[in-house]
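Report on one structure; see the data block that follows.
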Amino acid sequence: MKRTKAWLGVGITLVVVTAAVAAPWLTPHDPLRADLTSGLRPPGSPGHPLGTDQLGRDLLARVLHGARLALFIGICTVVITMVVGGVLGLLAGFVERWPSAIVMRLADVQLSFPFILLAMTINAIVGLGLRNIILSLSAAGWVVYARVIRGEVLSVKQRDYVHAAAALGIGRARLLWRHVLPNVAPSIVVVASLQFSQFVVAEAAISFLGFGVQPPTPAWGSMLAEGRDFLYVAWWLAAFPGAALALTALGVNLLGDWLRDTFDPKLRV
Amino acid sequence: MRGYVLSRLAQTALVVFLSLTAVFGMVRLGGDPVLLFMPMDIQAKDVNEFRQRLGFNDPLPVQYGRFLAGAVRGDFGESLRYRRDAMGLVVERLPATLLLGSTSLLLTLLVAVPLGIVSAVRRDTLVDHVGTVATVLGQATPGFWLGLMLIYLFSVHLRWLPTGGTGTAAHLVMPSIVLAAFFAARIARLTRSAVLDALHEDYVQTARAKGLAEVRVVGKHTLRNSAIPIVTLAGLEAGQLLGGAVITETIFAWPGVGRLTVQALLNRDFPVVMAAVFLTSLTYTMLNLAVDLLYGWLDPRVRVRA
Amino acid sequence: MRRPTALAVLLVVVLAAASFAQDRGRGKEIVVGLGAEPRTLLAVTIVDWTTNTQIEHIYDRLLDRDAKTLKPKPMLATSWKLVNDTTWEFALRQGVKFHNGEPFTAQAVKATFDYMLDPAAKSHYATSSYWKPVKEVQVVNDYTVRLITEKPYPSLLDHAALTDFLVMPAKALREPGGVQKLAQHPIGTGPFRFVEWKRDERLVLERNPDYWAGPADVSRVTFRFIPEFSARLAALLSGEIDIMKDVPPQVADTVDRSGRAKVRATVSSRINYLALVNLKPGPMQDLRVRRAMNHAVDVEELIAQVLKGRATRVCGPLAPTNVDYAPVECFKHDPERARALFKEAGVDPAKLSLTLDTPSGRYPLDKDVSLAIAAQLQRLGITTNVVANEWGTHLDKIKNRNTGDLFFLGWGPALFGQGTMEPLFRADQTYSSYGNNKVLDEKIARAVTIVDAKGRAAAYAELQKLVHEEAPWVFLWQQHDLYGVAAHVEWQPRADEKVWMYEAKVTPR
């Protein structure tokens, strides 16, 4: 069962990544090009394997390009939050006294705002768009890294060999490089993979509510919102973006589970 | 215990203060905050008069002080759309959200904890596999998508349940299922692994060796020890439950804080947004405090460490 | 442990279903699903169809309109006459009582006017295209009232026969704090009385048994506010609402086949247009560009493909349902002509980037139409960014002149010339997108004062020709209003958009 799950995770993730990267080669259609005379074609129509939307745009092209957008947003937010959270976590771990207290209280404050609500509000204030949605999601996601890394630094500092190293006059930078990073890397990878799917789903939710990526850009969330109006005559408009989203989340989650079981079974996120 | 309680209370007060500050800072992210606080039908020429009246010409510390003084009394200004005090509006919607939240929480615990326990005890059986698939799918399915599908099936096709709104217990069924789904999946997985961990502990092995019935082994020795991580996660995730309520309430037209916030954002009614965001944060912080106190009571070691 | 849990859950579900089933037996109640709640419960305050269509169940108009001919007919006023060019006299209905027992007299008309013209009310109706031309309200006796205008104002009658004048009670209005009380608990003479308003959820009204024209067949009217088409449709198909506004044309067949509801359609007097904003710097200030836009957009294709034929094309600012309508020639879809005009204006379509503001869900498929227009413009190489706004934000942007070069809007009920020409083609008006045309300003100012029928027809015909040539909009269509109506409800939509449950009949289930 465990192996099956792992393989499934790797497989699905590979499929999604391939689809995103190869989108322009997988379909001849432009996801933005409307052909009003062939609107709402069902899946399996000639030239449109997943059908078309109300404006005659090819749904396969839109779902594939949606994957690009989703992965792009996911990767950007994960990288940003990892760097910001990592730096804050290291700071809090190494300099215990008040920097630690500040970072940890900031983390409490951050956690007290549900991150979908926070991201939506920030977007509504600073304006909608791709850059802002990435930044607002990142603003909400750094906490987990900071906590994990701080914990790791604290526990590494307790170990004898580190005390020994410090006694030998080895600087903090080296300590960090030689001992903390290798220890913390697996946890970070696991956290990143689990956060990734959360961000992709959150972005879709925010776009679905109209505070994220704006039409006509093919984002899964806004495609779902548009498809909702035609749910009773064209189920495919809501079904495929929804399925793509769920599949992506599933694949990355399974992958994350496998990474956790392999690298860091005690981690709970 | 008393020292622990006091220190937690002090921390909580600090967090509340910081989150107020964050709310104050948030509306200044986009540049000129006065644009967020003017009534809909204001003319461009009246903007300056408004800036003056709302005090946006004062130095920032003065504005901040005034904001804090107001916030302490629950005064976040007047809603631009409803022309009433913003916090009052939000507080009115809180019971609906708490009702939905607690129903979901109850549903989660009723389904997820037994599922997790059974999966752990009957590890690698059919029950465990089905449970695993269900939880993995539950975690991957976006709530808004699940909501649409449920409406399609249960309201339009079968006509068993209403599409949205409030009034009867039936109105509560779909929203709480959607809100609980993701949460339940996480709790079930956590319960499973916590119980598995506990089952491997020495004292459980000892209890088994003593010939205690399996039900008692699991019930008495395992569950209490697994309870701590579950309670912790429940507390941590309560914030996301409140966040999930934003989406669920919107889809099912549930008149809670989440839907009010979305509408206020759409209408650019920022006094209400500020009040709602702060109240959500406050609710979460209080829940967390409660969880921490409960935690301290469950596990005496925590008190000492704090 | 597991079995009792399962039992408990089952019990809850069964109880819930049972209570929901009870809720279904609504008798002679009608639930109407609309996109938004009223912006106020006070009469004569806000120019907004959604608001007024709901509150006119509580308040009566001075004059009604015939459902078929759309001609004014008696309501609270039984007859009217023009005493001289600037004086209108209305004879009022006797024996009518407000819901609080207060008798309806000429004082009510005067008090309502006083409220509206008070700057504190911030009424949209206190402007020149509505009631500002009225300089005095004379109470002749209890049942006779005269409206005296500065200049001849022939459209006054048309405004009186819309929700532009809903009458509130004099005494209740004039007592201290009376306005606030009425805003909380409106009192009118209408066929339904106010019961409750749950913000963001519903407005509930009950039958007024003492209505002067006889009690309604419907015992209770509930307006439920459901912003999304899809959610309204789900509510209609699940039987929670009985009347749904704006069924998307693509879904009409599904509704008809559902067996639960039928689509009832009418050609509305409301027109939809794409404004080419000349009130701010940009390419749309050039007449040649505006004409090119009219040749570039294929209106017939939009109607056939996006709206599935559920719209009737208009070529000028007024539609045939408008009493002042005169035919004008259509701009032909002609990409070559469009290219030539762009070239003449020195505009390279490939470098042209436009922003189109659209509401989302206010008009039939508004956002989809806007996206389709963007796609058509793309064929000439023009880039168009479509910005979908929430309804209130959209109106704000128009009012504050913050839209892009293009915006999508509907206008109606558009039954008479003044009601379109004056508010939309003069720079100083709330919702206009075009103006600062001296010739047009003068001709409009003259046309709206002409009392003589022949002269008026000629003046409006000239105006329509002029506006057509100026191409301030891409002229689109009269929308077809598609309502989903539950099988047990008998009700027909009207071209003047009056959604009036007094006219509905219910077969109890």
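For the range B:42-71, a residue qualifies if it is at pLDDT below 90 and in contact with a Leu (Cβ under 9 Å, 6 or more places away or on another chain), and exactly one does: B:V47.
Scanning the range A:214-232 for residues that are surrounded by fewer than 24 Cβ atoms within 10 Å (Cβ to Cβ), within 8 Å of chain B (Cβ to nearest Cβ) and either under 19 Å from the mean Cα position of the chain (by Cα) or assigned to a helix (DSSP H, G or I) (or both) returns a single hit, A:R228.
When B:W254 is tested against (1) closer than 30 Å to B:M26 by Cα; (2) at pLDDT 85 or above; (3) within 13 Å of chain A (Cβ to nearest Cβ), exactly one condition is not met: (3). All conditions but one from (1) under 22 Å from B:V156 (Cα atoms); (2) buried (at least 24 other Cβ atoms within 10 Å of the Cβ); (3) at pLDDT below 90 apply to A:W235; the one that does not is (2).
Of the residues screened, A:G9 is not one that is modelled with pLDDT under 90 and surrounded by 21 or more Cβ atoms within 10 Å (Cβ to Cβ).
The set of residues from the range A:87-125 being over 20 Å from B:I247 (Cβ atoms) and part of a loop (DSSP other than H, G, I, E, B) comprises A:V95, A:E96.
The selection criterion, being among the hydrophobic types (A, V, I, L, M, F, W, C), surrounded by fewer than 24 Cβ atoms within 10 Å (Cβ to Cβ) and in contact with a helix residue (DSSP H, G or I) (Cβ under 6 Å, 6 or more places away or on another chain), does not hold for A:A204.
Got a sec? Which of A:G210, A:G251 is at the interface with chain B (Cβ under 9 Å from one of its Cβ atoms) and not in a loop (DSSP other than H, G, I, E, B)? Let's see the steps before the verdict.
Values: A:G210 fails: not in a loop (DSSP other than H, G, I, E, B).
Unique residue meeting the criteria: A:G251.
Consider B:D58 against the criteria (1) assigned to a loop (DSSP other than H, G, I, E, B); (2) within 14 Å of chain A (Cβ to nearest Cβ); (3) charged (D, E, K, R): it satisfies all of them except one. Which criterion is unmet? Tallying (1) assigned to a loop (DSSP other than H, G, I, E, B); (2) within 14 Å of chain A (Cβ to nearest Cβ); (3) charged (D, E, K, R), B:D58 fails exactly one: (2). For the range A:7-52, filtered to residues that are part of a helix (DSSP H, G or I) and under 25 Å from C:L302 (Cα atoms), the residue that is nearest to the other protein chains (Cβ to nearest Cβ) is A:L36. Residue count for the range C:183-210, restricted to those that are modelled with pLDDT of 95 or more and over 23 Å from the mean Cα position of the chain (by Cα): 8.
Per the listing C:K135, C:K151, the residue uniquely part of a strand (DSSP E or B) and modelled with pLDDT under 95 is C:K135. Taking the numbered list (1) assigned to a loop (DSSP other than H, G, I, E, B); (2) of a type in the set (F, W, Y); (3) in contact with an Asp or Glu (Cβ under 6 Å, 6 or more places away or on another chain) in turn, C:Y431 passes all entries but (3). Selection of the range C:115-153 for residues being closer than 14 Å to C:D164 by Cα and among the aliphatic types (A, V, I, L, M) yields C:M116, C:L117, C:A126, C:V134. For the range C:385-427, the candidate set comprises residues that are aliphatic (A, V, I, L, M) and more than 22 Å from A:P215 (Cα to Cα); within that set, the residue that is nearest to the chain's Cα centre (by Cα) is C:A414. If you go through the range A:107-127 and keep only what is facing another protein chain (nearest Cβ under 7 Å) and either in contact (Cβ under 8 Å) with a residue 12 or more places away in the chain or under 14 Å from A:L209 (Cα atoms) (or both), you end up with A:L111, A:F113, A:F115, A:I116, A:L117, A:M120, A:T121, A:I122, A:A124. On the basis of being over 30 Å from C:G282 (Cα atoms) and free of Cβ contacts under 8 Å to residues at least 12 places away in the same chain, does C:G455 make the cut? Spelling it out, C:G455 is indeed over 30 Å from C:G282 (Cα atoms) and free of Cβ contacts under 8 Å to residues at least 12 places away in the same chain. Scanning the range C:179-205 for residues that are surrounded by fewer than 18 Cβ atoms within 10 Å (Cβ to Cβ), more than 13 Å from every other protein chain (Cβ to nearest Cβ), in a helix (DSSP H, G or I) and not charged (D, E, K, R) returns no hits.
The values are calculated or read from the model by the stated rules, or taken from the named source; none is laboratory data. All figures in this text were calculated on a predicted structure; none of them were measured in a lab. When we count neighbours, we look across all protein chains shown, and the Cβ atoms used for this are built from the backbone with ideal geometry, even at glycine.
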